[in-house]
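Notes follow once the structure below has been shown.
The values are calculated or read from the model by the stated rules, or taken from the named source; none is laboratory data. These figures come from a predicted structure and were not determined experimentally. Glycine also receives a Cβ, built like all others from the backbone with ideal geometry; neighbour counts cover every protein chain displayed.
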Amino acid sequence: MSVAIAPHIDLQVHSTASDGAVAPGEIPALAASVGLVAFALTDHDTVDGIAAATAAAAPLGVEVIPGVELSAISGGVEVHLLGLHLALLDTMSTRLRELRGDREARARAIVRALQGAGLAITDDDVLRAANGAAIGRPHVAAALVARGHVRDRREAFDRWLGAGRPAYIAKPEFRAADAIALIHAAGGLAVWAHPGPLGRSEAVQALAAVGLDGIEVRHPSHNVEDQRRLQALADHFGLVPSGGSDWHGEMTGRRTLGVMQVPPAWLDLQRARLAARTAAQAR
């Protein structure tokens, strides 16, 4: 006897448009198979996969929430911000093209550092690993694996690419206030992704002061106590909850698609906040 899967949503999903392993057009069928009624495609610094995912989802009755994940600086610390419910993809895409140029320049600098350390690796190796996606350190790591310099991506970060390692290059600073303003300009909600131990009152207050809309309460890296604390902070500062698997294509383990069992009612809360903002802007 089969057990019915309760409908749920997943508001952080990645595809091959950035550093995920599954093509955007293939995700909706997988989402439907695990009981998802909606998912947000939140690739890093790109919205290029949204059209394909939306087209593939339509006949399956699965809703695709247009989204993006941005890295920014708040209080001297890097935070990740999800832009959810994006309505103006062209607005987002124009700015993301500029950010992509920054990412490519950073990747080239990392390659130069690796070459300086005596490793045989080229810009073309990284471009091949990215395969047209927004370039990031995971693609440099993949190139190192392909060249045989490390066993896997984890070793690449531990030995070469992580903070404090020989080929670490900091990202160009992108302020959280500017990231949130960009998300709002594209008609979306700004949600602090997987805050973890950084998600304390002062940090949430600082982001709320520059327009933060929500907190990712449910995430595979958050234990039950983390979720309680983050939900309490969301309630205290009048922010909406969100949740997602941070899925990059894993079929087993802690980050499988839909694993966080996020209730569809959270979408209603997010849409209500969007509607309230629209109404306020119209006054």
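Pairs meeting the criteria (first residue in region 102-129 and farther than 18 Å from Pro172 by Cβ and of a type in the set (A, V, I, L, M, F, W, C), second residue outside any helix (DSSP H, G or I) and modelled with pLDDT of 95 or more, beta carbons under 7 Å, at least 6 apart or on different chains) are Leu114/Ile121; Leu114/Ala167; Ala117/Pro166; Ala117/Ala167; Leu119/His149. Report yes if Leu207 is farther than 22 Å from Val64 by Cβ and in contact with an Asp or Glu (Cβ under 7 Å, 6 or more places away or on another chain), otherwise no. Answer is no for this residue.
For region 100-110, the candidate set comprises residues that are more than 17 Å from the chain's Cα centre (by Cα) and among the basic types (Lys, Arg); within that set, the residue that is surrounded by the most Cβ atoms within 10 Å (Cβ to Cβ) is Arg106.
Based on what the data block shows, is Arg97 free of Cβ contacts under 8 Å to residues at least 12 places away in the same chain, part of a helix (DSSP H, G or I) and exposed (fewer than 14 other Cβ atoms within 10 Å of the Cβ)?
When the stated conditions are applied, Arg97 passes them.
Just one residue in the set Leu198, Leu182 is assigned by TED's automatic domain parsing to the domain that holds Gln261 and crowded, with 18+ Cβ neighbours inside 10 Å; that residue is Leu182. Quick one: in region 165-174, of everything that is modelled with pLDDT of 95 or more and not aliphatic (A, V, I, L, M), which residue is farthest from Val240 (Cα to Cα)? Only one residue fits best here, namely Pro166.
Looking across Ala179, Ala186, Ala134, one residue alone is in contact with a strand residue (DSSP E or B) (Cβ under 7 Å, 6 or more places away or on another chain) and at pLDDT below 95. It is Ala134. Candidates in region 104-129 are the residues that are in a helix (DSSP H, G or I) and in contact with a Pro (Cβ under 9 Å, 6 or more places away or on another chain); of these, the one that is farthest from Ala167 (Cα to Cα) is Ala129.
When restricted to residues that are surrounded by 14 or more Cβ atoms within 10 Å (Cβ to Cβ), closer than 30 Å to Gly211 by Cβ and not β-branched (Val, Ile, Thr), region 144-179 contains 6.
Residue-wise test of (1) hydrophobic (A, V, I, L, M, F, W, C); (2) surrounded by fewer than 13 Cβ atoms within 10 Å (Cβ to Cβ); (3) in the same structural domain as Ser74 (by TED's automatic domain parsing).
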| site | (1), (2), (3) |
| --- | --- |
| Gln231 | no, no, yes |
| Val262 | yes, no, yes |
| Arg271 | no, no, yes |
| Ala275 | yes, yes, yes |
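For region 216-253, filtering for residues that are closer than 20 Å to Gln270 by Cβ and touching a Gly at 6+ places or on another chain (Cβ under 8 Å) leaves 14.
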